[in-house]
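Report on one structure; see the data block that follows.
Laboratory data are not the source of any read-out in this text; all were calculated from the coordinates shown. These numbers come from a predicted model, not from an experiment. Neighbour counts are summed over all protein chains in view; Cβ atoms, including those assigned to glycine, are modelled from backbone coordinates with ideal geometry.
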Amino acid sequence: EATARVAQEYDLPQAVRGTDLESVLGCTEPDVVFNLTIPEAHAPVTLTALRHGCHVLSEKPLADSMASAREMVQAAQKAGKIFAVIQNRRYDARIRRLRSFIESGAIGPLTTVNCDFYIGAHFGGFRDHMRHVLIMDMAIHTFDAARFLSAADGKQVYCYEWNPSGSWYDQDASAIAVFQMSQGIVYTYRGSWCSEGLHTTWECDWRLIGENGSVRWDGADAFQAQVVTKRGGFFSEVQDVPVPEIDPGSKVGGHGGNISEFIRCVREGGTPETIASDNIKSLAMVFGAIESAETGQVAPVMP
C-alpha cells in the first residue's frame, strides 16, 4: 500500500513495486539503492543491495548495532561499492563556516567542545516508548557534528541518562555525556527531548574553546568569538573577532547536498564525506554512550 501511494504521488504508474527485495533488484538491476527502512532493517537491506552490485545511501543511524555496522562496512569494501549515510547537518553552510574559523587557528588548538540540545518534542508513536530515545534517535547527528568540527574521534565516554518528572516519555529522555576525544580534546553533550521552553535549535548551541580564545554558535545565524590579545593579569585581555563567511562550495543544502555528493561520487568517482567507513566512528560514540548509561561506568568508544 505504501509503495502504491508513492507511485501515485509521483505519477509513476510503471514503477516496479514489491515486498521481496531480492526479486525487485533482480528484475530492475539498479545502480543505487536508497535504504529508508527502520534501523533494525538497515543491515539486511544494505547487505542484499551490495550483493546485487548496488551502491547504497542509507538513512541514519548506520545500524542498530556495532556488529551490523562493521559487517556492512566490510561488505561494501569487498564489493567495491560506495556505502554512505545521511548526515544532513554536515551540509549546512553555517557549520562549515564555523569549522573554517576553527581551522584558521584564530582561537588556537581546540581543548574543549561543549554543546546543548534542549527541545520538548511531542512526537507520539514509537519514540514515546523507545529506550535511549535521545541518544539513539537524535544524538548521532550531534556526535557526528562534534567530530566534524573538532577533527577528532571519540575514545571513551561517561554518560548519564534520566527521565525528568513531567516527561511524557516512558524511557530516559534526557542525557549528559562527557567524551574523551583524540588530540586530548574533551567534548560534552547535554540534551533533552522533554525540555519545555527556551528551545535550542535542532543543530544545538555550541561553545568551542581553544588555547587562545573561544567561539560560540547558536546553531542558527549567531556567531561570537573572542581571542586573547594580552596575558598576565587576573583576566587575559580579549577582543571580539568576526567569524568570516565562506564559500562552502557544493556541500550545502542539507539532505539535498548529502544526496547530490553521493550521486556525484557514484558517477564520477571519489568518496562522499559521509562514507560508512568514517561514519561508523560517530555511531561508535552512540553505542559507547549507551553502554556507559547502562553500566554506570566509563565505556570505550570502539568503531
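Values computed for the structure shown
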quantity: Backbone N within the range 72-95 under 15 Å of label point (7 Å from residue 36 Cα along the Cβ vector); calculated: 86
quantity: Cβ-based net charge around residue 188, under 10 Å, with every Lys or Arg adding one and every Asp or Glu removing one; calculated: +1
quantity: Residue 199-residue 165 FRET efficiency (beta carbon distance; Förster radius 22 Å; 0.05 resolution); calculated: 0.70
quantity: Label-zone membership for the range 265-303, site residue 77, 7 angstrom Cα→C-beta point, backbone N under 13 Å; calculated: 276-281, 303
quantity: For the range 1-64 and the range 158-187, distance of Cα centres in Å; calculated: 34 Å
quantity: Net charge, residue 38 excluded, C-beta distance under 13 Å - Lys, Arg +1, Asp, Glu -1; calculated: -2
quantity: Mean Cβ count within 10 Å, highest first, over the residues of peptides 138-145, 93-100; calculated: 138-145, 93-100
quantity: Computed lengthening from residue 88 to residue 263, 0.36 nm per intervening residue step minus Cα-Cα distance; calculated: 61.5 nm
quantity: DSSP H segments from the chain that extend 24 Å or more along their own axis, Cα-based, with Kyte-Doolittle mean of -0.5 or above; calculated: 276-295
quantity: Spatially close lysines, pair count over the chain: Cα under 28 Å, gap of eight or more or interchain; calculated: 13
quantity: Correct option for log10 I(q)/I(0) by the Debye sum over Cα atoms at q = 0.07, 0.12, 0.14, 0.16 Å⁻¹ [calculated from the coordinates] among [x] -0.35, -0.89, -1.10, -1.30; [y] -0.31, -0.88, -1.14, -1.38; [z] -0.24, -0.74, -1.03, -1.40; calculated: [y]
quantity: Separation in nanometres of the label points that stand 7 Å from Cα toward Cβ, at residue 2 and residue 15; calculated: 1.2 nm
quantity: Average Cα contact separation per residue, the range 2-85, under 8 Å, 6 or more apart, as relative contact order %; calculated: 25 percent
quantity: Value of relative contact order over the chain, rounded to a whole percent, pairs C-alpha under 8 Å and six or more apart; calculated: 21 percent
quantity: Rough spin-label spacing in nm, given labels placed 7 Å along Cα→Cβ, for residue 298 and residue 100; calculated: 3.8 nm
quantity: Dipole moment magnitude, nearest 20 debye, the chain about Cα centre, only Lys, Arg, Asp, Glu C-beta charged; calculated: 780 debye
